[in-house]
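Written below as structure tokens is the structure these notes are about.
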Protein chains: 6
Amino acid sequence: MRVSVYRRAHFNAAHRLNNPNLSAAENVRLFGVCNNNNFHGHNYELEVKVTGEVNPDTGYVYDMKDLSDMIKVEIEDRFDHKNLNLDTEEFKNLNPTAEHIAYVIYQILRKKIGKEFDLSIRLWETPRNSVEYPA
Amino acid sequence: MRVSVYRRAHFNAAHRLNNPNLSAAENVRLFGVCNNNNFHGHNYELEVKVTGEVNPDTGYVYDMKDLSDMIKVEIEDRFDHKNLNLDTEEFKNLNPTAEHIAYVIYQILRKKIGKEFDLSIRLWETPRNSVEYPA
Amino acid sequence: MRVSVYRRAHFNAAHRLNNPNLSAAENVRLFGVCNNNNFHGHNYELEVKVTGEVNPDTGYVYDMKDLSDMIKVEIEDRFDHKNLNLDTEEFKNLNPTAEHIAYVIYQILRKKIGKEFDLSIRLWETPRNSVEYPA
Amino acid sequence: MRVSVYRRAHFNAAHRLNNPNLSAAENVRLFGVCNNNNFHGHNYELEVKVTGEVNPDTGYVYDMKDLSDMIKVEIEDRFDHKNLNLDTEEFKNLNPTAEHIAYVIYQILRKKIGKEFDLSIRLWETPRNSVEYPA
Amino acid sequence: MRVSVYRRAHFNAAHRLNNPNLSAAENVRLFGVCNNNNFHGHNYELEVKVTGEVNPDTGYVYDMKDLSDMIKVEIEDRFDHKNLNLDTEEFKNLNPTAEHIAYVIYQILRKKIGKEFDLSIRLWETPRNSVEYPA
Amino acid sequence: MRVSVYRRAHFNAAHRLNNPNLSAAENVRLFGVCNNNNFHGHNYELEVKVTGEVNPDTGYVYDMKDLSDMIKVEIEDRFDHKNLNLDTEEFKNLNPTAEHIAYVIYQILRKKIGKEFDLSIRLWETPRNSVEYPA
């Protein structure tokens, strides 16, 4: 009995989109208002999906308290109320687009969750814009 | 033209998580507050997904009134305002985790929906915790 | 500068509606499926509204971390994953309708929040049913 | 690095469900209140999913401003505040079920989005009824 | 103990905004795309608020099943899947703006709910536009 | 016939909470993670409420297109994708708490909306935290 379980969490952060290998003008052209030098910010809404076999002892795929604690320690404590560009190791040299943030969250959690589970990340940057990794 | 159609419904129920083959202490360790002897409860939000070919006469994959009536009779009438552990046949001997509830709903509806359709169940136990079967 | 601030929280609980001064038949007539002997349950969604003057030092009416901590300790820890009828002092002799739950939450928080603030409670029993106290 | 990006939009429209090759009685039987001669209407909520490789210069799969502008011009301007049956070319001879609307939106956007991207359409006719194409 | 109770419901309808006492050009100027001759439509979301004393026997202000049945019979059956301008008595000679629809719903329900209760109507025409009567 | 109309909008911004008249240590004590030197950010959700008499020619209290255009020009263009502390005149010398942001939005819109209308601002900083001005 293979089931997917989903857990939601959120964090608030500032960021700006910028590629240091491109000119200022090119960055404005590519990223528009998201390139604002002084940053802007979002309430990021995160949904972590873990897929695996149901454990016959518990009836759980994955203990949701363990999963939410892991998300708290690994993701919320790392990114919440932070400036992604300035305050985090992960985005010092990586443009913090929603695509890249989802990818980074996947890489962090992938190391913490056993190989017998599949993992997928959905991230809403706003109620209208979201991404999913892996596709 | 193959399309998926989704119908949402909900039911309110009490439950507790417990494995009678394990000790009381082990049940507390595994299920924490969800093991509370006197039960707790949820507003379960259900989304049923049916996938198939569009009928050229109707432009429908599946008549949504038929689907919502089926969910009403087969799922809501069975589980709404019930104690899943005490009032239902399905969970007398099955721990009513969200994973198992989704699996049971799938088995009930699978028998009612023609084999030419694929079926999938998404179940939210809270706005932050949900499951999907099959994965 | 007088402003209202709102904080949302939630708790999951089992309950049944029953008036011990009335006959079983009368209780069924009044409360229908909500009278189920074995209980049912809800995800209660709570919004606490505090109104007062903005503190010129902080720009806050009320520190939202203090408010959310208070709600956690006083309301969530008391009612979450509980059977309201069996596990709580407050509803041993009070029918746990949404109206009464909002009233009880108001009485608990009113003692913890300074008299210079107005207080109001909104409680959703389901996404479609909610109450507000005081009216 | 293959990622899916999602963009939400909406439009309000009137429609009726009717198959001109069938009798009036048969149309009522098939479509019930949705067959009402004088039309009814919905707030359609649309989610467009585009899947592809992340561009290493931008960190984007697809520029969300370009995508939202495309949805505005191609879908919202075409269908918003319209009678789907009377005011649009697309549904003059096609029954405007949610299945067909999602299919039509897919065909329109498919021509505008490069072949290196996968495309998928989710359309909510009401908060409880939605469809997805391709399945 | 005075409490407000709220019940949500919804209906889908077509309408157009038009004032027959004004010229066609003036109607277009005032109502824009909402004046479309062939109608457009909405999923109307309704919240009915009833305020009164809590009945000591039931712990209810107003039986929510009675209230939801009343909304079903008086409002949903009257307006759901209808063309407000063509299919209803209420809007044959009254422009079906959200303001007027809320007012009409208030008048209908006011006659059905005892004078000891206050009544208020909130109506969402879209997730972004709503009205409340009385103000 | 006096009715309230509500219009929703949103903007994304970075901010930090800080009172320059207090020590760094006192600012950390008061504002915690919200004091982060490098800013954090939010998706602010705004609801503007305008109350007045229904115009008998239009059936409108206030033209919603005019209201949404005004919010676009006066609020979204001013604050969206900005750093409230660094990029705006309004918060150069005013701590950008939700209370103050709602107050500032009220002052801006109050000058644009006729005196015959009442005005109220509701602002969500996160889905769980919101404020209302005037109280």
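The table that follows gives values for the structure above.
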| item | result |
| --- | --- |
| Kirkwood hydrodynamic radius of region B:74-113, Cα pairs, Å | 10.4 |
| Anchor E:LYS49: lysines whose Cα lies under 19 Å away (excluding residues fewer than 8 positions away in-chain) | C:LYS49, E:LYS65, E:LYS72, E:LYS111, E:LYS112, E:LYS115, F:LYS49 |
| Closest approach to the axis - chain E beta-carbon, rotation onto D, Å | E:GLY41, 0 |
| Quotient of Cα Rg and 2.2 N^0.38 Å for region F:1-64, N being how many residues it contains | 1.87 |
| Descending Cα extents along the principal axes, chain A, whole Å | 59, 26, 26 |
| Cβ-vector label at 7 Å, F:MET1, separations to other copies in nm | 3.8, 3.8, 4.1, 5.6, 5.6 |
| Calculated log₁₀ intensity ratio I(q)/I(0) where the Debye formula runs over C-alpha points of region F:43-122, q = 0.17, 0.18, 0.19 Å⁻¹ | -0.70, -0.77, -0.84 |
| Distance between region F:58-135 and region D:71-117 - C-alpha centres, whole angstrom | 35 |
| Of the GluC sites (Glu not before Pro) in region A:31-90, those whose Cβ has at most 14 other Cβ within 10 Å and which sit in DSSP loop | A:GLU89 |
| Partner chain coverage, peptide C:45-53 - average Cβ within 10 angstrom | 2 |
| Test item: A:83-91 mean partner chain Cβ contacts at 10 Å | 2 |
| Per-residue SASA entry for D:VAL61, accessible area with 1.4 Å probe, Å² rounded to 10 | 10 |
| Position B:LEU94, label points 7 Å along Cα→Cβ, spacing to each other copy in nm (shortest first, one decimal) | 3.9, 4.1, 4.1, 5.1, 5.9 |
| Cα centre as origin, Lys/Arg/Asp/Glu Cβ charges: region D:1-110 dipole, Debye | 320 |
| Fraction in percent of alpha-carbon pairs per bin - 10 Å, the protein assembly as shown | 2, 12, 21, 27, 24, 12, 2, 0, 0 |
| Label spacing, shortest first and in nm, from C:ALA25 to its equivalents in the remaining copies (7 angstrom along Cα→Cβ) | 4.7, 5.2, 7.5, 7.5, 8.9 |
| Residue-normalised accessible area of region F:1-46, given per residue in Å² at a 1.4 Å probe | 39 |
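The values are calculated or read from the model by the stated rules, or taken from the named source; none is laboratory data. Remember, it's a predicted structure, so these values are computed and weren't measured experimentally. A quick note on method: Cβ atoms are made from the backbone with ideal geometry, for glycine too, and the neighbour counts reach across all protein chains shown. Just so you know, the surface numbers come from the protein's heavy atoms only, side chains and all, with ligands and any DNA or RNA stripped out. Shrake-Rupley method; radii C 1.70, N 1.55, O 1.52, S 1.80 Å.
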